[in-house]
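*Asks:* Here it is, the structure in full.
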Amino acid sequence: MIPKSHPRYVSLMTRDKIVEGVRQGITGTQGLIAQGRGEAFDYLLGEKTTFGALHAEKVAAAMMLLAKRPVISVNGNVAALVPEEIIRLSEAVNAPLEVNLFYRTEERVNAIIRHLRAKGAKSICTKSDALIPSIEHERAKVDSSGIFSAEVVLVPLEDGDRCKALTDMGKIVIAIDLNPLSRTSQWANVTIVDNIVRAIPNITGFVKEHGKLDEDELQKLVEGFDNKKNLADAIDNILQHLSARK
Ligand code: PTJ
């Protein structure tokens, strides 16, 4: 048992959630490696939400509210780390959840659906009757009334190929990825360079704030967002954080 007074308490508890996800058959073993990579970037960013990430989260909230058909993609890491939080966001923006795995097995897809339902999720797209064009085999499978026909897709911890394929389909892709250099980060329309455990509650918070805004006001928040600049700022944040530690 890790005491709350431990200086790395939050990081260690997050790690435990991923380990528990693997134990429950929700998270893939590769999810442990992904979490380690994420942790390293989070460390370089100072383990806090930067001003740029907060802005991207605000834009993401507006985009999801503006979308007629937003969908939230859930993988094994997301299901282990932020199940309640992702359900809350899904309800706030009226976006169904869809389990979409990189290392897909039907067993794990069903385990995640059961896990989300047990946590209270009501809106989950569960068919796998469509394919993302140009993606090979299992990880191309999606729901025709979910990701396949969505206008805006939130993809936390996505892989680069699928992110590109979704943008090629004309969708607006919002990624959450602590690595500003990843192919996913580069391909997405909006990249939130933040830890998912902070990003999801922040987006939901902005959705609540934006609730009072009309469509034109939401549109103004979205207009002019430049993802290249957003990513360059994230790299600057890392450099500044490192220089301050010299
Ligand atoms: O459950 P599955 O089968 O869909 O598999 C999910 C993983 C995440 C294992 C799979 O998509 C994968 O291997 O992803 P990658 O290629 O390792 O990419 C994950 C990206 O997410 C990396 O750029 C990490 O830096 C980033 N990342 C990891 N943990 C977090 C994170 N970003 C935000 N918050 C995190 N907690």
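Taken together, the values in this text are just the output of simple stated rules run on the coordinates, not laboratory data. What you see is a predicted model, and the numbers here were worked out from it, not measured in a lab. Neighbour counts are summed over all protein chains in view; Cβ atoms, including those assigned to glycine, are modelled from backbone coordinates with ideal geometry.
*Asks:* Treating the beta-carbon of each Lys and Arg as +1 and of each Asp and Glu as -1, no other charges, what is the dipole magnitude of region 1-124 about its Cα centre, to the nearest 20 debye? Show your work: numbers first, answer last.
*Replies:* Details: 17 positive and 12 negative charges, 36 e Å.
That gives a dipole near 180 debye.
*Asks:* Would you pull out the residues with amide H under 5 Å of residue 191's amide H, same chain only if 5 or more places away, H placed 1.01 Å from N?
*Replies:* 175
*Asks:* While we're on this one: So what is the relative contact order for the chain, in percent, with contacts set as C-alpha pairs under 8 Å and at least six apart?
*Replies:* This gives 23 percent for the chain.
*Asks:* 5 Å is the cut-off here: which amide hydrogens, built 1.01 Å from N in the peptide plane, fall below it relative to residue 131, excluding neighbours closer than 5 in sequence?
*Replies:* Under 5 Å from the amide H of residue 131: 142.
*Asks:* Please get the size of the charge dipole for the chain, origin at its Cα centre, with Cβ charges of +1 on Lys and Arg and -1 on Asp and Glu, quoted in debye to the nearest 20.
*Replies:* That gives the chain a dipole magnitude of about 640 debye.
*Asks:* In addition: Percent antiparallel among DSSP beta bridges with both residues in region 45-153, to the nearest 5?
*Replies:* Numbers: 2 of 9 bridges.
If we restrict to bridges inside region 45-153, about 20 percent are antiparallel.
*Asks:* Now for a separate question. What value, in deg cm²/dmol to 500, does the helix sum -39500 (n - 2.57) over DSSP H runs of n ≥ 4 give at 222 nm once divided by the residues of the chain?
*Replies:* Helices in the chain give a 222 nm mean residue ellipticity of -16500 deg cm²/dmol.
*Asks:* Quick check on my link table: of 68/171; 141/171; 58/164; 122/208, which ones sit more than 18 Å apart, alpha carbon to alpha carbon?
*Replies:* 58/164; 122/208
*Asks:* May I pose another question? Loop-only check: which trypsin sites (Lys or Arg not before Pro) in region 20-49 are DSSP coil with at most 16 other Cβ within 10 angstrom?
*Replies:* 48
*Asks:* Moving on. So for the chain: antiparallel DSSP bridges make up what percent, rounded to the nearest 5?
*Replies:* Beta bridges within the chain, antiparallel portion: roughly 10 percent.
*Asks:* For 194, 168, 216, what ranking results if the residue with the fewest other Cβ atoms within 10 Å of its Cβ goes first?
*Replies:* Fewest to most other Cβ atoms nearby, the residues stand as 216, 168, 194.
*Asks:* Taking DSSP loops as anything outside H, G, I, E and B, show the longest stretch in the chain free of GluC sites (Glu not before Pro) there with at most 10 other beta carbons within 10 Å.
*Replies:* With GluC sites (Glu not before Pro) excluded where exposed in loops, the chain gives 1-135 as its longest stretch.
*Asks:* Please compute the contact order of region 1-127 in relative form: average sequence separation of alpha-carbon pairs under 8 Å and at least six residues apart, divided by the residue count, as a percent.
*Replies:* 26 percent.
*Asks:* What whole-number distance in Å separates the alpha-carbon centres of region 145-175 and region 80-113?
*Replies:* 15 Å
*Asks:* What is the spin-label model distance, in nm, from residue 169 to residue 69 if the labels are put 7 Å beyond Cα along the C-beta direction?
*Replies:* Calculated label separation equals 0.9 nm.
*Asks:* Would you work out if the chain is rounded, prolate or oblate? Take a ≥ b ≥ c from the square roots of the eigenvalues of the alpha-carbon gyration tensor; rounded if a/c is under 1.5, else prolate when a/b is larger than b/c, oblate otherwise.
*Replies:* In terms of gyration-tensor shape, rounded.
*Asks:* Now a separate question. Using amide H atoms built in the peptide plane, which far-off residues or other-chain residues are under 5 Å from residue 69 H to H?
*Replies:* Result for residue 69 returns 151, 152.
*Asks:* How large is the charge dipole for region 150-246, taken about the Cα centre, if only the Cβ atoms of Lys, Arg (+1) and Asp, Glu (-1) carry charge, to the nearest 20 debye?
*Replies:* 480 debye
*Asks:* Going 7 Å from the Cα of residue 117 along its beta-carbon direction, which residues of region 74-105 have the amide nitrogen within less than 12 Å of the resulting point?
*Replies:* Of the residues in region 74-105, none has backbone N under 12 Å from the label point off residue 117.
*Asks:* Can I ask one more? So for region 101-239: antiparallel DSSP bridges make up what percent, rounded to the nearest 5?
*Replies:* 20 percent
*Asks:* How do 164, 68 line up, fewest other C-beta atoms within 10 Å first?
*Replies:* Ordered from fewest to most neighbouring Cβ atoms within 10 Å, 164, 68 come out as 68, 164.
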